[in-house]
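Colleague: Dropping the structure in here first, questions after.
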Amino acid sequence: MLAASGRPVRVLLVEDHDMVAEAIGLALERSPGLEIVGRSASLAAALADAERHQPDVVLLDRRLPDGDGISAIAGLEALVPGVRVLVLTGEGSASVAARVAAAGGAGLMLKSSGLGELEDAVRRVASGEVVFSQELLGTVLERLSGRTPVLGATLTPRERETLDLLGEGCTTSDISTRLGVALNTGRNHVQRVLEKLGARSQLEAVTIARREGLLT
């Protein structure tokens, strides 16, 4: 497949794990009509490299050392008009897929997908399609249509703060101090977070939040 200009589709690979990046890079480089123009290992590097190389497609790992890849989609699109951003994730969920779609991403693929599937996905997003791993497709369509509520959507700003602090490993006492509230109030915030996430413990709440993309 070639870009509209007749040249190969230019791909920027953003992945911080060397073995994964090498495997994906080799597979795509061997594919006719695809060209790896650069490899970045962080969000900051991805933004700089995207501006420098002007890729057609950015293959973007969701979890990077300096943040959540989904948060960089808008910045990449601002730097490279018309770029298509395909997100890679080790653990996918309907919530994460919905966030990718809402941010303007071209799709979400699981890292467990075969290299052939990934190559096909890159070609399809380059041609203008939106692509999600088959395992996520049904649930993300339901989520985007509003038939399935987004987990965590009802968290208040204070409850989001509480969840972020739980993600940092804070105890209820720590959370109360950081939020500047009484211990009982802090306990109430934590309990409401657990209830809204359907968790039975603080550890389970953090695990669910990470899986659903509420925490990085």
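Colleague: Please state which one of 154, 162, 171 is open to solvent by 30 Å² or more (accessible area, probe 1.4 Å) and either closer than 18 Å to residue 89 by Cβ or modelled with pLDDT of 90 or more (or both).
Modeller: On the way: 154 fails: either closer than 18 Å to residue 89 by Cβ or modelled with pLDDT of 90 or more (or both); 162 fails: open to solvent by 30 Å² or more (accessible area, probe 1.4 Å).
Exactly one of 154, 162, 171 is open to solvent by 30 Å² or more (accessible area, probe 1.4 Å) and either closer than 18 Å to residue 89 by Cβ or modelled with pLDDT of 90 or more (or both), namely 171.
Colleague: Still on this structure: In this structure, is residue 190 in contact with a helix residue (DSSP H, G or I) (Cβ under 9 Å, 6 or more places away or on another chain), surrounded by 15 or more Cβ atoms within 10 Å (Cβ to Cβ), among the aliphatic types (A, V, I, L, M) and modelled with pLDDT under 90? If you could, list the steps in order and put the result at the bottom.
Modeller: Details: in contact with a helix residue (DSSP H, G or I) (Cβ under 9 Å, 6 or more places away or on another chain): yes; surrounded by 15 or more Cβ atoms within 10 Å (Cβ to Cβ): yes; among the aliphatic types (A, V, I, L, M): yes; modelled with pLDDT under 90: no.
Here the answer is no, as residue 190 does not meet what is asked.
Colleague: If you don't mind, another one. Condition first: under 20 Å from residue 95 (Cα atoms) and among the acidic types (Asp, Glu). Now tell me which residues in region 46-76 satisfy that.
Modeller: 61, 68 - these are the residues of region 46-76 that are under 20 Å from residue 95 (Cα atoms) and among the acidic types (Asp, Glu).
Colleague: Mind listing whichever residues of region 46-84 are closer than 11 Å to residue 105 by Cα, free of Cβ contacts under 8 Å to residues at least 40 places away in the same chain and in contact with a helix residue (DSSP H, G or I) (Cβ under 9 Å, 6 or more places away or on another chain)?
Modeller: 71, 72, 73, 76, 83
Colleague: Then there's this: Within region 24-41, how many residues turn out to be surrounded by 15 or more Cβ atoms within 10 Å (Cβ to Cβ) and either more than 17 Å from residue 65 (Cβ to Cβ) or β-branched (Val, Ile, Thr) (or both)? It would help to see each step written out before you state the result.
Modeller: Residues of region 24-41 surrounded by 15 or more Cβ atoms within 10 Å (Cβ to Cβ): 24-25, 27-28, 31, 34-41.
Among the residues that remain, those that are also either more than 17 Å from residue 65 (Cβ to Cβ) or β-branched (Val, Ile, Thr) (or both) are: 24-25, 27-28, 31, 34-38.
Adding up the residues that qualify gives 10.
Colleague: Shifting gears a bit: Of the residues 44, 4, which is surrounded by fewer than 17 Cβ atoms within 10 Å (Cβ to Cβ) and modelled with pLDDT of 90 or more?
Modeller: Residue meeting the stated conditions: 44.
Colleague: Among the numbered conditions (1) modelled with pLDDT of 90 or more; (2) under 21 Å from the mean Cα position of the chain (by Cα); (3) open to solvent by less than 20 Å² (accessible area, probe 1.4 Å), tell me where residue 128 comes up short.
Modeller: (3)
Colleague: Filter region 104-126 down to the residues that are touching a residue at least 60 places away in the same chain (Cβ under 8 Å) and over 17 Å from residue 9 (Cβ atoms) and list them by number.
Modeller: 111
The values are calculated or read from the model by the stated rules, or taken from the named source; none is laboratory data. A quick note: this is a predicted structure, and the numbers were derived from the prediction, not measured. Backbone-built Cβ (ideal geometry, glycine too); neighbour counts: all protein chains shown. Note: accessible area is taken over every heavy atom of the protein model, side chains too, but ligands, DNA and RNA are not part of it. Shrake-Rupley method; radii C 1.70, N 1.55, O 1.52, S 1.80 Å.
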